Amino acid sequence: MWHITKREIYDNLNSLRFALTTVLLLALMGTNAVKHLREHPKRVQRYQDAVTESLNRLTTRADDSLYKLAQYGPGNFYKKPSPLHFCANGGETILPDTVEVNEPPVFATDSDNNVLLKGIWSLSYPDANLQNKDIGPNVSQVDWAFIIGYVLSLIAVLFTFDAFSGERERGTLRLMLANSIPRHTVLIGKFLGALLSISIPFILAVLVNLLLISTANTVHLTTEAWGRLGIIFFLALLYTSLFLALGLLVSTRVQRSAVSLMILLLTWVTFVVFMPSTCASIASSFSPAMSFDEFWQQRNPIREDLWDKYEQWLWSSKLDDTTLRAKSDFYTENAKREERRHEERLKYRTSQVHRARAITSLSPATLLQHLIEAFAGTGFERHLQFAGNVQRYARQLRGFVADTDRGDSESLHVIGVREGMSQKPVNSKAVPRFEDTLSLSKDFNTAAMELLLLVLFVVVLLSGAYLAFVRVEV
Amino acid sequence: MTFRFAAAVFITLLLVVANTVVLLKDYEQRLSAYNTATQESHQELRKQKVYSRYAMKLIVHRPPNPLSIFNLGLDKQVGNEIAVYHAFVPTVWDAVKHGADNPFLNLFTSIDIALIFQGVLSLLALVFAYDALAGERERGTLRLVLTHPIQRGYILFAKYISAMLCLLVPLLISLLLSIILLTTSTSISWNADDFLRIGGIILISLLYISLFYLIGLCISAMTRRTSTALMLSMFAWGFLVLVYPNLILTAVDIVPKPETQTSAYNQIKQMWEELDREKKKFLRNDTILGPLSRDGESWGFRLKGGEYSFLRDADKPSTLLYFYQSGFYAGKIKAESEPHVPLVQSYYGFHNREIVSTVNRTWLVREPALEAVYIQPANLGRMLLKFSPVGLYDAATEAWAGTDVEGIQDFFSAVRRYRRAVIDYFYDKKIFESRQWFAADEGTADWDALPRFSFQRSDISINAKRAFPDLFLLLMINVVLFVIIFLIFIRSEV
């Protein structure tokens, strides 16, 4: 078997396709690295500036008083840019990178614009990155997901289309099988040979890419990031094997290599290029989303409902416990419902995207795209994780406010109302800070299904190729 | 009836028909969203009683382009709802999206018929071409053919014509089917011009296929063995169609973008601040209206009967949009304030005229700055894309379909003309200084007399003019390539 593999590799090393592949992959990976080196520091800077500003807001509020903190909450939250952004762009121009903290709503003012009733903060999820007003041509960026998903798969097809049909045409297949080698050994040998000869230029390109990125002092890759890169590399090999297996399968069944290539290319174009977009269009036309107006209209009944319930206390300036508590309930309930409304909208949209993603998973190219996004810490699932982190932090902060208030003996412990809360400044060091974390195990969980599907694809195609080759007449 | 021919026809038909159905449905959805949105803003405007409330209520919508089925271009990407208001000049960057879109669904790439042709037909052309000469040479039939007293040029030409005819079949059949599908839909009304535009798209597609066939033929003429020719063709395809467009645009992104924004933005802001000073000066000299409280006129100059005040503003440094304007609404003005009314009227007349002239001045700064920041980098990218036939094809079909930058800009210049017409109407009828500008007690705003907005897609001759440079380039490349192949072929040893 090793003999066959070795012979395959030697054959390929001298071939034209090997040279072209090397050049192509090196050019792509080089561009990718240069672009990342230019853009990543800016991205990180933007993120840090935004976070510092948002932290400043939190500290000024905390320094003012606990009441201010309870009323205005923290500053906006920002998504931490992934150091592995070069692996998968993940639609950064479409996905928003913040979760906003709404200013407390003003329910009523008097004729001199003085605020009479003011609620407390709530979270909202902006629609999309509104900064993006680009009218440039719309093409996908050169990231690893593109290089592996499109270019490497095409190369895999080009390396295997003549594996058996070519030998059959030249008559060497008959010769080889006349020896006492089991057929599956031949198949595995061919497969490994092709895989290794594609891996050589790919590894070379990846090394150049990573060398450029890791030697620059503007980008730091942690140990975890290297681990993630390892996983992505493994995914790339798995995905390449899928197309190698497909190539071998077609090549065993077809007599002439030209026909074999034709079939393979058309399959490739359909599955890799067209299937993702067509499936997504079909999926997205199933159910239209809620319109913005509808979304705003939902707000009114909620407010009216709350007004009816609490109105008798809201206008009173009495400072007794019932009035204060009613005001506090009104504020918190309003903030809670507002937040829930936003969350439901996000959930609805998420379910729509998930449906579309499920259908597009028929195409291995999208599977790979999603997997790389998951492990590179970009893309849609990452966005949901970020939103989840923010929600958890919001709960934590509210808990902190309530706990600190309980510690103040002068306070009446009515959250969100000036007269009912501690007016003392809070030690800003003690206030919990938001940290946008990524966990590898969580990423594994979200990606498990897709990983399984990809493995299944490979296994099915490989066994298909095996069965076909064992039964084929030479 | 070779296998490759059957496969070519089958796969093109399958992809085109399946996607036409999907695209048609998508178009119908967008059209109905457009209709609802138009109707809603129509009603919304009519609810307003005073003229000053037209701000952000007089909204025009961009209808989806039916030819976007052939090339989507910017049709879906760019905003389709824009307010017409005298305090800013509408541009494509101020437009927002209406309707029930889920913006996250843009994560998935969109598809159109030009994209299918771009990918599949070019591949087929190469598959048809790679063995045209190398294969005959390998089999020895080329030598046989050349023993006959036929000129080599004829052989080449005959091969080219026959292959092109074969490639035309899948193109025409699939387009025919998709046009039949499209004409059965009741939501699209096609006119003769649209069919001419589709004709233009077919012409471009033809040149594009021919170009790829010639690339394949060129490779075939240069190589001795079919397997080498095939490998080279496939890599050429992968590079031209797949790698080059993405690679070049990524590379363009690396080039730093021009940063004229802040200075232009500050200039615009200064103009508005100057206007503010003018306003305050005007009011300070007036004994009855001034001196002002904190917000200027916000509480209606102590006019009794004022119901509420409003502030319209925008401050978006990224698109250089800055304006603010405040006003108030009076339901019924009390008799004791009646003497103030003419003064307020003359104030609004003065102030709005000043706003219009300030906006005109800011536009002189804003337009070139936006051009430098957004249009020039985009055009650079487009220009570099044209080094690949894919870019040329895409640009030319976009131009025919009217979904290119110019086609989209046509709509926004129509909106700008409409804004001008509305302002002229306000001047003519002296609406800025009328009582109905802020009060609804003596006659309310008459919205039906307002000029109507209408947008016609550009004339077919303009489409043709925009598509012509790319078409010409494609043609020239075809001719040059054919000559090169001819030269290689007559000089080659058989």
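In chain A the Cα-Cα distances spread across 10 Å bins starting at 0 as 4, 16, 22, 19, 14, 10, 7, 5, 2, 0, 0 percent of all pairs.
Hydrodynamic radius of the stretch B:64-216 by the Kirkwood approach over all distinct alpha-carbon pairs: 19.4 Å.
Can you give the charge dipole size of the stretch B:378-442 about its Cα centre, rounded to the nearest 20 debye, using +1 on the beta carbon of Lys and Arg and -1 on the beta carbon of Asp and Glu?
Around 160 debye, computed over the stretch B:378-442.
Relative to the longest principal axis of the Cα atoms of chain B, the long axis of helix B:376-385 lies at roughly 10 degrees. Would you please give the FRET efficiency between A:Asn114 and B:Glu307, computed as 1/(1 + (r/R0)^6) with r the Cβ-Cβ distance and R0 = 30 Å, to the nearest 0.05? Calculated transfer efficiency: 0.95. Over 10 Å intervals from 0, what percent of Cα-Cα pairs in the stretch A:13-130 sits in each interval? Final binned percentages: 11, 26, 24, 16, 10, 6, 4, 2, 0. Principal axis analysis of the Cα atoms in the stretch A:363-409 yields extents of 62, 14, 8 Å, listed in decreasing size. The convex hull around the C-alpha trace of the stretch A:159-286, projected and averaged over every direction, spans 12.0 square nanometres. Entry for the stretch A:343-382 at q = 0.14, 0.25 Å⁻¹: log10 I(q)/I(0) = -0.33, -0.86, Debye formula applied to identical alpha-carbon scatterers, no solvent contribution. What FRET efficiency, computed as 1/(1 + (r/R0)^6) with R0 = 35 Å and r the Cβ-Cβ distance, is obtained for A:Gln255 and B:Tyr154, rounded to the nearest 0.05? Calculated value: 0.55.
Dividing the C-alpha radius of gyration of the stretch B:324-415 by 2.2 N^0.38 Å, with N its residue count, gives 1.92. Ranking A:Val401, A:Gln391, A:Ala430 by how far each Cα lies toward the positive end of the dipole of the stretch A:355-434 (charges on Cβ) leaves A:Gln391 at the top. Computed from the C-beta positions of A:Trp226 and B:Ile254 and an R0 of 35 Å, the FRET efficiency is 0.90 to the nearest 0.05. Each other residue within a Cβ distance under 13 Å of A:Met449 adds +1 if Lys or Arg and -1 if Asp or Glu, for a net charge of -2.
Helix B:3-46 sits at what angle to the longest principal axis of chain B, using alpha carbons and giving 0 to 90 degrees rounded to 10? Taking the Cα atoms of chain B, the angle to B:3-46 is about 10 degrees. Basic side chains Lys and Arg get +1 at the Cβ, acidic Asp and Glu get -1 at the Cβ, and with that the dipole of the stretch A:125-270 about its Cα centre reaches some 660 debye. Rg/Rh for the stretch B:165-263 (Cα atoms only, Rh after Kirkwood) is 1.16. Dividing the summed helix terms, -39500 (n - 2.57) for each DSSP H run of n ≥ 4, by the number of residues in chain A produces a 222 nm estimate of -22500 deg cm²/dmol to the nearest 500. From zero up to wherever the largest Cα-Cα distance of the stretch A:367-474 sits, split into 10 Å bins and tell me the percent of pairs in each. All Cα pairs, binned at 10 Å, distribute as 12, 24, 17, 15, 13, 7, 5, 4, 2, 0 percent.
In the P(r) worked out for the stretch B:345-494, what percent of Cα pairs fall beyond 24 Å? All intermediate terms of the calculation are to be shown ahead of the outcome.
Numbers: 6605 of 11175 pairs.
Pairs farther apart than 24 Å: 59 percent.
I'm checking a number: the convex hull volume of the Cα atoms of the stretch B:393-470, normalised per residue, in Å³. What is it?
Details: hull volume 8.0 nm³, N = 78.
It is 103 Å³ per residue.
Could you state, as a whole-number percent, how many of the C-alpha pairs of the stretch A:274-410 are farther apart than 20 Å? Of the Cα pairs, 66 percent sit more than 20 Å apart. Sparse packing (at most 12 other Cβ atoms within 10 Å of the Cβ) combined with a DSSP loop state is found for the following trypsin sites (Lys or Arg not before Pro) in the stretch B:424-466: B:Lys430, B:Arg452. So what does log10 I(q)/I(0) come out to for the stretch B:82-157 at q = 0.21 Å⁻¹, using the Debye formula with one equal point on every Cα and no solvent? The calculated log intensity ratios at q = 0.21 Å⁻¹ are -1.01. Evaluated with a Cβ-only charge set (Lys, Arg +1; Asp, Glu -1), chain B carries a dipole of roughly 480 debye about its Cα centre, given to the nearest 20.
Legend: ranking of residues A:Leu58, A:Leu152 from fewest to most surrounding C-beta atoms inside 10 Å; resulting order A:Leu58, A:Leu152.
Taking only the Cα atoms of the stretch B:303-373, the ratio Rg/Rh comes out at 1.16, with Rh defined as the Kirkwood radius. Filter A:Lys68/A:Lys429; A:Lys42/A:Lys347; A:Lys118/A:Lys336; A:Lys42/A:Lys80 down to the pairs with a C-alpha to C-alpha distance above 20 Å, please. From A:Lys68/A:Lys429; A:Lys42/A:Lys347; A:Lys118/A:Lys336; A:Lys42/A:Lys80, over 20 Å: A:Lys42/A:Lys347. Extension gain for B:Lys280-B:Ile490 works out to 67.2 nm (0.36 nm per residue, less the C-alpha to C-alpha distance). Shown here: the stretch A:220-290, whose C-alpha atoms stretch 50, 43, 16 Å along the first, second and third principal axes, sorted largest to smallest. Subtracting the Cα-Cα distance of B:Arg143 and B:Thr262 from 0.36 nm times their residue separation leaves 35.8 nm of extension gain.
Thinking of the stretch B:385-427 as a set of Cα atoms, what percent of all their pairs are more than 11 Å apart? Value for the stretch B:385-427 (Cα pairs over 11 Å): 69 percent. With a simple spin-label model that places each label point 7 Å from the Cα along the Cα-to-Cβ direction, the separation between B:Trp447 and A:Asn445 comes to 5.1 nm. Panel note: the C-alpha atoms of the stretch B:340-387, placed on their principal axes, show extents of 67, 13, 10 Å (largest first).
Here the Kirkwood formula puts the hydrodynamic radius of chain B at 26.7 Å, using every distinct Cα pair. Label reach from B:Ala464 (point 7 Å along Cα→C-beta): in the stretch B:356-400, amide nitrogens under 18 Å belong to B:396-400. When the charge dipole of chain A is built from unit charges on Cβ atoms (+1 for Lys and Arg, -1 for Asp and Glu) and taken about the Cα centre, the candidate among A:Gly230, A:Thr350, A:Ser65 whose Cα reaches farthest toward its positive end is A:Gly230.
Taking only the alpha carbons of the stretch A:231-354, we obtain Rg and Dmax values of 29.0, 93 Å in that order.
Remark: the B:Ser189-B:Arg420 segment gains 80.1 nm on full extension, using 0.36 nm per residue and subtracting the alpha carbon distance. Fewest neighbouring Cβ atoms within 10 Å first, the residues B:Ser318, A:Ser180 line up as A:Ser180, B:Ser318.
In the stretch B:14-55, if the dipole is taken from +1 on Lys/Arg beta carbons and -1 on Asp/Glu beta carbons about the Cα centre, which of B:Thr20, B:Ser32, B:Ser52 is farthest to the positive end? Value: B:Ser52. Pairwise inverse Cα distances across the protein assembly as shown, averaged and inverted, put the Kirkwood hydrodynamic radius at 32.2 Å.
Scanning chain A for long hydrophobic helices, with DSSP H runs required to stretch 24 angstrom or more by C-alpha along their axis and to average at least -0.5 on the Kyte-Doolittle scale, returns A:16-64, A:183-215, A:223-253, A:440-471. Taking every DSSP helix (H) stretch of at least 4 residues in chain B, weighting each as -39,500 (n - 2.57) and dividing the sum by the residue count yields a mean residue ellipticity at 222 nm of -20000 deg cm²/dmol.
Each value in this text was obtained by applying a stated rule to the coordinates, not by laboratory testing. Since this is a predicted model, take the numbers as computed values, not measurements. Please note: Cβ atoms are built from the backbone with ideal geometry, for glycine as well, and neighbour counts cover all protein chains shown.
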